[in-house]
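The structure appears below as structure tokens.
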Amino acid sequence: MATLSVPASLEQLGAVNEFIAGQLPEGLAALLPQVELAAEELLVNVFSYAYPGEPGKAEVGCRMVHLDGVPFFCLAVRDWGPPFDPFSEAPEPDTALGVEDRPIGGLGVYLIKSMVGHYSYSYHDASNCIELYFALPE
């Protein structure tokens, strides 16, 4: 898997987007906006909450994989903050409420879940590891 390690800083989002664009295989450019948006949602949370008051880093990886014989583009995000599984610990947004009535939080994870074919979270080697699997365009 090709990886990029960056300091935990919002200023790094441009470098991450360039890295992702360079990793997408030819013919999959239609996936780029979704992958970049998902990366931004995850990384803004990492940069904002994983390292309160101290420097930290994040690692982004990209690769092609097959799950049950189906090809996917995989985006992996890793950080060394406290254990946090956004897929089970982030609040579920109440989409029936108007935007002004909803509490802050959970919409990014909700959006990511709607864009990917599969996702996973694990905590190992003192790091949070999230993998997002994007179905290839037809």
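The values are calculated or read from the model by the stated rules, or taken from the named source; none is laboratory data. Here the structure is a predicted model, which is why all the values come from computation and not from measurement. Cβ atoms come from the backbone with ideal geometry, glycine included; neighbour counts cover every protein chain shown.
Numerical summary
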item: Those residues of segment 3-27 which are within 21 Å of residue 116 (Cβ to Cβ), surrounded by 11 or more Cβ atoms within 10 Å (Cβ to Cβ), modelled with pLDDT of 95 or more and not polar (S, T, N, Q), in sequence order; result: 4, 13, 16, 19, 20, 21, 24
item: All positions within segment 7-62 that are touching a Leu at 6+ places or on another chain (Cβ under 8 Å) and of a type in the set (Val, Ile, Thr); result: 16, 20, 35, 44, 60
item: Segment 33-77, residues that are under 13 Å from the mean Cα position of the chain (by Cα) and either farther than 14 Å from residue 112 by Cα or among the aromatic types (Phe, Trp, Tyr) (or both); result: 46, 47, 58, 59, 60, 61, 62, 73
item: Of all residues making up segment 106-131, the number that are in contact (Cβ under 8 Å) with a residue 24 or more places away in the chain, more than 12 Å from residue 88 (Cβ to Cβ) and of a type outside the set (A, V, I, L, M, F, W, C); result: 6
item: Subset of segment 86-129 (residues that are modelled with pLDDT of 95 or more and more than 18 Å from residue 35 (Cβ to Cβ)); result: 122, 123, 124, 125, 126, 127, 128
item: Subset tally (residues that are surrounded by fewer than 18 Cβ atoms within 10 Å (Cβ to Cβ), within 16 Å of residue 6 (Cα to Cα) and either touching a residue at least 60 places away in the same chain (Cβ under 8 Å) or out of contact with any helix residue (DSSP H, G or I) (no Cβ under 9 Å at 6 or more places or on another chain) (or both)) for segment 28-49; result: 2
